[in-house]
Each structure stands twice: as structure tokens, then as C-alpha cells.
Amino acid sequence: VNAVTAFAGSQDGQALIEKLGNTVSVPPNLRDCSFKIVPRNQYEEAKAVQKNFNAGNWDEGKGLAIPTLSPSDLLQDPAILSADFAKQHRISNSGTLRDFFAALVSKYEEAEGNESEFKRQEGGLIRYGDCIQLLHESTGTYVTVTKAQAAEKGSKRVEQIPDGNELSVFVVTPAFKTYTFGEPMSSGDLTVFMTRKKIDGREYCL
């Protein structure tokens with residue numbers, strides 16, 4: 001085995017890896033093997049929206065989908081958006097619904113901030129200790145460690161999801177003590193991507 005890895009499963013969100021034989025120098029699906037190291041996104045507001053959504057109280061248990069906001073919606077007061085939504089779906093404009101729309105607007109603002117930060121840092125130097133994310137170039141999804149058990153005992157399943165979440169954030173760590181945090185990462189370095197957020201009290205690495 002020549003240690004060249006080919007990404008498989010890019011279309012179904014399952015991050016699978018296969019090793020190529022000695023006679024193969026380039027993966028047949030080269031584009032699907034390409035990942036970009038990008039600055040970490042913020043997920044606090046997105047997490048708050050998802051938490052409220054999962055609770056199911058914001059829409060009085062009707063199981064409605066999270067509303068999509070237009071650019072003009074983001075210019076309005078969340079209380080007005082909440083009132084319009086309540087009237088449209090015949091539910092009460094409760095404090096819970098108003099809080100949900102306030103968090104939803106903040107989520108969109110957070111996403112805009114993430115995009116601005118991405119553009120600001122794009123092409124910059126990556127140092128050991130930096131928090132990054134791995135963006136799959138052909139699908140625009142983020143490599144994410146899940147809480148689900150993988151086939152190998154003690155491991156977690158890795159998937160690719162749109163937007164990502166807190167478990168999509170990794171700390172760039174040198175594989176050996178040759179380098180220390182703060183030193184620049186170079187092409188060819190043996191590198192470990194460690195989960196920034198612990199799962200069940202443990203850190204996992206790629």
C-alpha cells in the first residue's frame with residue numbers, strides 16, 4: 001500500500017477512506033479527495049436555534065420547519081417576524097416564539113460574520129494550535145465527528161454535513177513533539193486534527 005488515500009462516499013455524507021494499491025499514484029476520484037483547511041466558524045447562535053427547535057415549544061408542537069429568512073426579513077424587528085409567523089400558522093405569538101425569532105435572526109448574523117472572517121483569513125498562515133475546519137471542496141460540507149459509535153471499538157463515526165457544528169472544529173496538532181503550538185504548519189508535516197469539543201469527556205483525532 002502506498003499510503004495514498006482516496007475519499008469515497010462524498011455524495012451520501014459518509015466520510016469513508018480507502019487505500020490505493022502500489023500501482024496507483026493518483027486517486028481516480030481526485031476532486032473528491034480534496035479538502036480545504038478553513039477558519040473555524042462560530043456556532044453559538046445556531047446551537048441556540050437548534051436547541052429551541054428540538055424542544056418543540058416554539059410552534060406549539062405543530063412540527064413546523066425552521067423558517068427561512070430573506071435579506072429584507074433581517075432588516076425587520078424579530079418581534080414583527082414573530083407576529084407575522086404566528087398569524088400565518090394560527091399559533092399564539094408567545095414569548096417563546098419571539099425568543100426563537102430573535103435567536104434565528106442572530107443565527108443569520110452569525111453566519112454573515114463567519115463568511116466575513118473566512119474571507120479575511122483566507123490564504124493566511126496556519127499554525128499549530130489553531131482551530132480550523134475541514135471543508136470538502138466538491139460538496140461544500142464539513143468533516144464532522146459524531147457521537148455515534150464507529151465500527152472500531154472506541155472510535156466515533158465521521159460524517160460530512162452542511163454548515164458544520166461544534167464537532168466540526170479541530171485543533172491543528174503536530175503528530176510528534178518536533179513542533180510546538182505557535183509554530184507554522186508546513187506542507188508534508190505529519191499532523192493530527194484533534195476535536196476541540198470533547199465527546200463523553202474524551203478528545204478524538206483524525
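The values are calculated or read from the model by the stated rules, or taken from the named source; none is laboratory data. The structure presented is a predicted model; accordingly, all values stated were derived computationally and were not measured. All Cβ positions, even for glycine, are placed from backbone atoms using ideal geometry, and neighbour counts span all protein chains on display. The accessibility values were calculated without ligands, DNA or RNA, using every heavy atom of the protein model including side chains. Shrake-Rupley method; radii C 1.70, N 1.55, O 1.52, S 1.80 Å.
Residue check: is Leu16 under 22 Å from the mean Cα position of the chain (by Cα) and at pLDDT below 90?
yes
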> In segment 154-186, how many are among the aromatic types (Phe, Trp, Tyr), surrounded by 11 or more Cβ atoms within 10 Å (Cβ to Cβ) and in a loop (DSSP other than H, G, I, E, B)?
Replying inline: 2
>> Against the condition part of a helix (DSSP H, G or I) and open to solvent by 30 Å² or more (accessible area, probe 1.4 Å), how does Ser116 come out, does it pass?
In response: yes
> Can you tell me how many residues in segment 155-179 are under 18 Å from Pro39 (Cα atoms), free of Cβ contacts under 8 Å to residues at least 40 places away in the same chain and of a type in the set (A, V, I, L, M)?
Replying inline: 1
> Can you tell me which residues in segment 131-153 are free of Cβ contacts under 8 Å to residues at least 40 places away in the same chain, touching a strand residue (DSSP E or B) at 6+ places or on another chain (Cβ under 9 Å), part of a loop (DSSP other than H, G, I, E, B) and open to solvent by 30 Å² or more (accessible area, probe 1.4 Å)?
Replying inline: Ala151
>> On the basis of being assigned to a loop (DSSP other than H, G, I, E, B) and either on the phi > 0 side of the Ramachandran plot or at pLDDT below 90 (or both), does Glu60 make the cut?
In response: yes
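Residues checked against (1) assigned to a helix (DSSP H, G or I); (2) surrounded by 17 or more Cβ atoms within 10 Å (Cβ to Cβ); (3) not basic (Lys, Arg):
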site	(1), (2), (3)
Lys36	no, no, no
Lys47	yes, no, no
Asn54	yes, no, yes
Leu64	no, no, yes
Ala86	yes, yes, yes
Gly129	no, no, yes
>> Given the condition in contact with a helix residue (DSSP H, G or I) (Cβ under 9 Å, 6 or more places away or on another chain) and closer than 28 Å to Leu134 by Cβ, answer yes or no: does some residue in segment 30-39 qualify?
In response: yes
